[in-house]
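A quick write-up on the structure given underneath.
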Amino acid sequence: MAIRALHLTIVPHALAVAAAVMVLVWCIYFRGGLAWASSNKNLIFNLHPVLMLIGFIILGGEAIMSYKSLPLSKDVKKLIHLVLHGIALILGIIGIYTAFKYHNESSIVNLYSLHSWLGMGIIVLYGIQWIYGFLVFFYPGGSAGLRSESLPWHVLLGLFVYILAIGNASIGFLEKLTFLENSGLAKYGAEAYLVNFTAVVTILYGAFVIFTVFAKAPSEDDNSYSAI
């Protein structure tokens, strides 16, 4: 028997809460807090993982799941899907800006790592995906033929970008933890374990978001991802 998407979302929702709490505990309790402007530049950087995980990955995942799992009309789900993705995109852009801000104010060069290269590519693809989806599926809206032809590619590219984002978040956690350990952080200390487990929970969250896409849609709308 097929698992219903709405029931399956219980798991990623719980993982989302856990991941959000864990990244906040890390950045506020272990790393000293959050700040847009501070003489302690590390507080500025702390905004980056918080915004990218909660704002970009979790909200982006909720946007993906909302279209498949909610027992609502297609038009309402389309609007929720669009708005959540839009918020995730904005917070993702701000999150990337905070990394540049931290680097610039700390005299650190930008865009030197794989994490930063992938991050820029992901946010650009995410933005293109959102704009195309808005124009074709929302307003002014493409023809029925264009929507039908575009939908499989829209879904495929969206999942591809989201999987990349999950993988890049894991690289980011690893990169930051490596920097901290090279600066003296205990490799088997509480903070190191917290960062690693946050990455694991993030990966599990992303996996269950993808599982939801392939689960059974609400009975009144069994073709959620087959027509827009």
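Derivation of every value follows stated rules applied to the coordinates shown; laboratory data play no part. This structure is a prediction, so every number in the text was calculated from the model and none was measured. FYI the Cβ positions are ideal-geometry reconstructions off the backbone, even for glycines, and counts take in every protein chain you see.
Looking only at helices (runs of 4 or more DSSP H) that lie completely in region 1-77, which have at least 3 residues being buried (at least 19 other Cβ atoms within 10 Å of the Cβ)?
10-24, 41-45, 47-50, 59-69
So, in region 63-79, how many residues would count as being hydroxyl-bearing (Ser, Thr, Tyr) and over 23 Å from the mean Cα position of the chain (by Cα)?
Final tally of qualifying residues: 1.
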